[in-house]
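The values are calculated or read from the model by the stated rules, or taken from the named source; none is laboratory data. Just so it is clear, the model here is predicted, and its values are computed rather than measured. Here Cβ is always computed from backbone atoms with ideal geometry, including for glycine, and neighbour counts include all displayed protein chains. Only protein heavy atoms, including side chains, enter the accessible area calculation; ligands, DNA and RNA are left aside. Shrake-Rupley method; radii C 1.70, N 1.55, O 1.52, S 1.80 Å.
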Amino acid sequence: MIRVYNTLTRNKEPFETVQPGKVGMYLCGPTVYKPSHIGHMVGPVIFDAVKRYLVYSGYKVTWVVNITDVDDKLINESNARGVQMSQLAAEMTADYMNNIQALGVDTIDHFPRCTATMPEIIEFTKQLIDRGYAYATDGDVYFDVVKSKEYGKLSHRGLEAMQGDGGGMADRKRSSADFALWKSAKPGEPSWDSPWGKGRPGWHIECSAMSRSLLGETFDIHGGGLDLMFPHHENEIAQSECCHGKPMAKYWMHNGLVQASDEVGKVGGRNTHAVEGDLSSQEAGKISKSKGSQAFSDLLKNFSPEAVRFFILSTHYRRPIDYSEDRLKEIETGMETFYRFFKRYERVVGASFYAVAEPKTRKEGDFTPGDDPLLKTVAEQRERFLESMDDDFNTGGGMAVLFDMVRTLNKFVDDEKLEEPARRDAKKLHSLTDGVKTFKEIAATMGLFRKPVEAKSAGDDALVGKLMELLIELRAESRKKKDFATADRIRNGLLEAGVILEDRPGGTDWSVKA
RNA sequence: GGCGCCGUAGCCAAGUGGCUAAGGCAGCGGAUUGCAAAUCCGCCAUCGUCGGUUCAACUCCGACCGGCGCCUCCA
């Protein structure tokens, strides 16, 4: 039984779908006016894991992520750059797509764009006016917040929290808390025809319109960053629930935000005060923000996407995550354990780890270990993993099981001395592969270890291969003759060049230093 | 001011009313190795402070201290 923390009730609730066996999931996507940073990647990675786990658990899941490609920020930025808004949006959308793809987020079913959803948005707005929840003034349309009885139920905030927009619109609105569904266009701004004249949608209405047209009036999971809870999600609820008279989403899931720790943030205790003493808290905030908003595509030049995914999933999704390069390096170090094991598996079994076919569903993965001690342990670990994931998608707890499981598998190879070809037999290799299947099964639910990571640098070059073969051969001869001075000279020399040699029963392996 | 979150080993981080408080990084000791590397084994926390509830709390309640987020655009 899966349990989900619902922001609406502030409780973990049993997961029950609107329609049996089916899940509709909506995640608020980016406004594409600048390159995405790591913060934009958290939602996609987390909900990718959520979807994978739900599919694994037997649900048919439809996942929608919207792209906001018209908005004040886009207009400003495109003016500043002197390009068409649509061009800027197209470029930044491509950047976003590249980044999430690099992270292995490939389970999103629909990416509706705001500019391609105008008829639905206009229709939705019209309905709200017809049903008495919105009103038009001078080409603008506003949502009449006082008509929404439950306004504030998600964020637990009252109407007074909704400040006026201070942009001179106050006199057009009945109440300062009212928010725009449709904004009339100023000269030169991109605009669309509507019953209220030329204009563009307000920020919140697109999500209501898109989710309705792709997922229906009530769907299962609505996700987004914690920062969107108010006012964005509150307003979505007001729009959709007033319009339909029924719940918009059963479960509201909010992920914690990335916090970039830099010099200021990292220094503890008194030094923090000393450093911050010269800065207003606002300025300090800006510093940490500027580091965190480094373009994600640049970050990927230094770190593997899989490490970033691992990093994001290593803590519980509702918690804030501290991002730093040191942290990511630490994660990469830890992940070496897995990659080394994968190579080890290949050495021992003679087949690629990545070629092993894992069970795709929970049902398929259930097995009775019999009296095989290895598989008994693996089965227990799998159970522990599933318990963690069932409990509000606790990927952090699941990670621990991943590490435990490789250790179990490594120990088996050690104990059975499977590095020595003579000690291998079909039964043992079969057990090992069964263990690997289960490892892959649980890792796959988090989208991990699905395909080989590209080699850190050159190494598969034919010439390099030949040279290494020769050096290793020479060193082997020296070792045979107990000429360790020469052998060590070769190894140390290669180490300086960034090549690590590892001696094993079956021969010597080499790899490029990470 | 309003709404909310957090405080677990040197660092990161799961989790639980009573059983050995996961895991990772770093460190230390050992097995293995010609020596290494890798791997394995072992060691390394009483859970911010104080008070309450309870047979029993790190886990529930309260106060306090400390850190943080949102309330304007933000994933």
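Residues to consider are A:440, A:466, A:451; find the one that is open to solvent by 60 Å² or more (accessible area, probe 1.4 Å) and within 29 Å of the chain's Cα centre (by Cα). First the steps, then the outcome.
On the way: A:440 fails: open to solvent by 60 Å² or more (accessible area, probe 1.4 Å); A:466 fails: within 29 Å of the chain's Cα centre (by Cα).
Among A:440, A:466, A:451, only A:451 is open to solvent by 60 Å² or more (accessible area, probe 1.4 Å) and within 29 Å of the chain's Cα centre (by Cα).
Going by what's in this entry, would residue A:14 be described as at pLDDT 95 or above and touching a strand residue (DSSP E or B) at 6+ places or on another chain (Cβ under 9 Å)?
no
For residues in the range A:162-182 being open to solvent by 60 Å² or more (accessible area, probe 1.4 Å) and within 12 Å of RNA strand B (Cβ to nearest atom), which is modelled with the highest pLDDT?
Ranking the candidates gives A:176 first.
Looking at the range A:364-373, which of the residues that are open to solvent by 80 Å² or more (accessible area, probe 1.4 Å) and part of a helix (DSSP H, G or I) is farthest from residue A:400 (Cα to Cα)?
Looking only at the range A:364-373, we keep the residues that are open to solvent by 80 Å² or more (accessible area, probe 1.4 Å), and these are A:364, A:366, A:368, A:371, A:373.
Imposing the further condition that a residue be part of a helix (DSSP H, G or I) reduces the set to A:364, A:373.
On the way: A:364: 23, A:373: 20 Å.
Among them, the one singled out is A:364.
Between a first residue in the range A:401-412 that is under 11 Å from residue A:344 (Cβ atoms) and a second residue that is near RNA strand B (Cβ under 6 Å from one of its atoms) and open to solvent by 30 Å² or more (accessible area, probe 1.4 Å), which pairs have beta carbons less than 7 Å apart while being 6 or more apart in sequence or on different chains?
If the second residue must be near RNA strand B (Cβ under 6 Å from one of its atoms) and open to solvent by 30 Å² or more (accessible area, probe 1.4 Å), the pairs left are A:406/A:337.
Matching residues to (1) under 19 Å from residue A:445 (Cβ atoms); (2) in contact with a His (Cβ under 8 Å, 6 or more places away or on another chain); (3) touching a residue at least 40 places away in the same chain (Cβ under 8 Å):
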residue: A:314; (1), (2), (3): yes, no, yes
residue: A:319; (1), (2), (3): no, no, yes
residue: A:338; (1), (2), (3): yes, no, yes
residue: A:346; (1), (2), (3): no, no, no
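Restricting attention to the range A:322-363, and to residues there that are among the charged types (D, E, K, R) and open to solvent by less than 50 Å² (accessible area, probe 1.4 Å), which single residue is farthest from the chain's Cα centre (by Cα)?
A:344
Going residue by residue through the range A:290-305, is there one that turns out to be at pLDDT 95 or above, over 30 Å from residue A:504 (Cα atoms), out of contact with any Asp or Glu (no Cβ under 9 Å at 6 or more places or on another chain) and away from RNA strand B (no atom under 12 Å from the Cβ)?
Looking through the range A:290-305, at least one residue is at pLDDT 95 or above, over 30 Å from residue A:504 (Cα atoms), out of contact with any Asp or Glu (no Cβ under 9 Å at 6 or more places or on another chain) and away from RNA strand B (no atom under 12 Å from the Cβ).
For residue A:325, state whether it is within 18 Å of residue A:411 (Cβ to Cβ) and of a type in the set (Asp, Glu).
Working: within 18 Å of residue A:411 (Cβ to Cβ): no; of a type in the set (Asp, Glu): yes.
It is false that residue A:325 is within 18 Å of residue A:411 (Cβ to Cβ) and of a type in the set (Asp, Glu).
Tell me which residues, restricted to the range A:350-368, are under 23 Å from residue A:423 (Cα atoms) and away from RNA strand B (no atom under 16 Å from the Cβ).
Once the filter is applied, which keeps residues that are under 23 Å from residue A:423 (Cα atoms) and away from RNA strand B (no atom under 16 Å from the Cβ), the range A:350-368 yields A:350, A:351, A:352, A:356.
When residue A:262 is evaluated against the numbered criteria (1) at pLDDT 90 or above; (2) away from RNA strand B (no atom under 11 Å from the Cβ), which criterion, by number, is the only one it fails?
Here residue A:262 meets the rest and fails (1).
Among A:208, A:213, A:240, which is within 23 Å of residue A:18 (Cα to Cα), open to solvent by 10 Å² or more (accessible area, probe 1.4 Å) and not β-branched (Val, Ile, Thr)?
The conditions single out A:213.
Just one of A:479, A:475 is open to solvent by less than 60 Å² (accessible area, probe 1.4 Å) and assigned to a helix (DSSP H, G or I); which is it?
None of the others qualify; the one that does is A:475.
For residues in the range A:496-513 being open to solvent by 80 Å² or more (accessible area, probe 1.4 Å) and within 10 Å of RNA strand B (Cβ to nearest atom), which is nearest to the chain's Cα centre (by Cα)?
So, considering only residues that are open to solvent by 80 Å² or more (accessible area, probe 1.4 Å) and within 10 Å of RNA strand B (Cβ to nearest atom), the one nearest to the chain's Cα centre (by Cα) is A:513.
Among the residues of the range A:374-419, which ones are in contact with a strand residue (DSSP E or B) (Cβ under 8 Å, 6 or more places away or on another chain), assigned to a loop (DSSP other than H, G, I, E, B) and within 30 Å of residue A:255 (Cα to Cα)?
Once the filter is applied, which keeps residues that are in contact with a strand residue (DSSP E or B) (Cβ under 8 Å, 6 or more places away or on another chain), assigned to a loop (DSSP other than H, G, I, E, B) and within 30 Å of residue A:255 (Cα to Cα), the range A:374-419 yields A:392, A:393.
Would you check which residues across the range A:297-320 are open to solvent by 30 Å² or more (accessible area, probe 1.4 Å) and acidic (Asp, Glu) and list them?
Answer for the range A:297-320, where residues must be open to solvent by 30 Å² or more (accessible area, probe 1.4 Å) and acidic (Asp, Glu): just A:298.
Look at residue A:226 and say whether it is over 18 Å from residue A:112 (Cα atoms), under 23 Å from the mean Cα position of the chain (by Cα), open to solvent by 10 Å² or more (accessible area, probe 1.4 Å) and touching a residue at least 12 places away in the same chain (Cβ under 8 Å).
yes
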